[in-house]
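Notes follow once the structure below has been shown.
The values are calculated or read from the model by the stated rules, or taken from the named source; none is laboratory data. No experiment lies behind these values; they were computed from the predicted model shown. Quick reminder, even Gly has a Cβ in these numbers, built from the backbone with ideal geometry, and neighbours come from all protein chains shown. Surface areas here come from the heavy atoms of the whole protein model, side chains and all, with no ligands, DNA or RNA. Shrake-Rupley method; radii C 1.70, N 1.55, O 1.52, S 1.80 Å.
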Amino acid sequence: CRAMSQAEEGALLFIVDLDNANIPLWKAHHARDPSIRVRNPAVWVENEDDDGSPKLEIDYDATLKNINKMAFGIRRLELAGHNVAGIVFDGLDTLQEDAEMTMRAQQELDIDEGVKFQYWKIRNKLFRDCIASCKSLQCSKYFITHNKEYKTFKKVKQDGKWIEIVDKQWVEGHWDKKTPDEMWQIVYCRRIDFKSGRRIYTAYVDKFKGHPEYENQEYL
């Protein structure tokens, strides 16, 4: 995320670590560089279980607000003239789940309860607002999500009975369906392990605004 010259200058890099996975990388590969700020925005609160025993739970609404506060803080640093190289938002799939849990809490819905169509609009807005706050920054922005397998189904008649079968099956990013439209570049990263012990990493460029010549190509 930083050019060598930026790293030497101590340009700041912020990691929104919703998946809580970046501290080991920071320690092992970046020598605990103080200019790389790794923060998990999750807010934990103490509640009571059904039997009265204490338990820790994530306050999803406070977590989303914390993400927006982080973006606001970085924006203030930029306006004050600090050298900010970029922000990495790791865990958009987790963000979507947090947005759903916030929506369920607002509408007083249990985790396994059905959701009215209009309520999903609330979840989507909570999700997109966090992305928008990060996109408003002047520095480089990186958004990371896991892949998810999607399926559509259709009904066919078999032995006189209607059954449901898979119509289409594909893999794409686990995020709100409109998120790809907001990205300037989309890159699918993959690790391939061979029986020989060899391992390679590939990056497939699905989208690159301004440089279409790089699209639909895979790089080692």
- Of all the residues that make up region 21-36, how many are farther than 23 Å from His146 by Cβ and either touching a Phe, Trp or Tyr at 6+ places or on another chain (Cβ under 6 Å) or of a type outside the set (A, V, I, L, M) (or both)? 4
- Message: When the residues of region 182-194 are narrowed to those that are assigned to a loop (DSSP other than H, G, I, E, B) and open to solvent by less than 100 Å² (accessible area, probe 1.4 Å), which ends up modelled with the lowest pLDDT?
- Response: Met183
- Query: Looking at (1) touching a Gly at 6+ places or on another chain (Cβ under 9 Å); (2) open to solvent by less than 40 Å² (accessible area, probe 1.4 Å), which is the only condition Arg2 fails?
  - Reply: (2)
- Give the number of residues within region 149-180 that are within 30 Å of Phe72 (Cβ to Cβ) and of a type in the set (D, E, K, R). 3
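Results for (1) open to solvent by less than 50 Å² (accessible area, probe 1.4 Å); (2) at pLDDT 95 or above; (3) closer than 14 Å to Asn83 by Cβ, shown as yes or no for each residue.
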{"position": "Glu8", "(1), (2), (3)": "no, no, yes"}
{"position": "Ile15", "(1), (2), (3)": "yes, yes, no"}
{"position": "Ser35", "(1), (2), (3)": "yes, yes, yes"}
{"position": "Val38", "(1), (2), (3)": "yes, yes, no"}
{"position": "Trp44", "(1), (2), (3)": "no, no, no"}
{"position": "Asp51", "(1), (2), (3)": "no, no, no"}
- Out of region 137-150, which residues are at pLDDT 95 or above, part of a loop (DSSP other than H, G, I, E, B) and surrounded by 12 or more Cβ atoms within 10 Å (Cβ to Cβ)? Leu137, Cys139
- Query: Among the residues of region 91-129 satisfying the criterion of being more than 13 Å from Asp61 (Cβ to Cβ) and β-branched (Val, Ile, Thr), which is surrounded by the most Cβ atoms within 10 Å (Cβ to Cβ)?
  - Reply: Thr94
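For every residue, the table says whether it meets (1) touching a residue at least 12 places away in the same chain (Cβ under 8 Å); (2) closer than 30 Å to Ala11 by Cβ.
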{"position": "Asp93", "(1), (2)": "yes, yes"}
{"position": "Asp98", "(1), (2)": "yes, yes"}
{"position": "Ile111", "(1), (2)": "no, no"}
{"position": "Lys125", "(1), (2)": "no, no"}
{"position": "Arg128", "(1), (2)": "yes, yes"}
{"position": "Lys154", "(1), (2)": "yes, no"}
{"position": "Trp175", "(1), (2)": "yes, yes"}
{"position": "Trp184", "(1), (2)": "yes, yes"}
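Looking at region 151-181, which of its residues are closer than 30 Å to Asp129 by Cβ and open to solvent by 60 Å² or more (accessible area, probe 1.4 Å)?
Matches in region 151-181: Lys151, Trp170, Val171, Glu172, Lys177, Lys178, Asp181.
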- Query: Is there a residue in region 211-218 that is touching a residue at least 24 places away in the same chain (Cβ under 8 Å), outside any strand (DSSP E or B) and under 29 Å from Arg128 (Cβ atoms)?
  - Reply: no
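Table: residues versus (1) outside any strand (DSSP E or B); (2) more than 24 Å from the chain's Cα centre (by Cα); (3) not hydrophobic (A, V, I, L, M, F, W, C).
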| position | (1), (2), (3) |
| --- | --- |
| Lys154 | no, yes, yes |
| Ile165 | no, yes, no |
| Pro180 | yes, no, yes |
| Ser196 | yes, yes, yes |
- Of all residues in region 97-148, which are aromatic (Phe, Trp, Tyr) and under 22 Å from Gly86 (Cβ atoms)? Phe127, Tyr142, Phe143
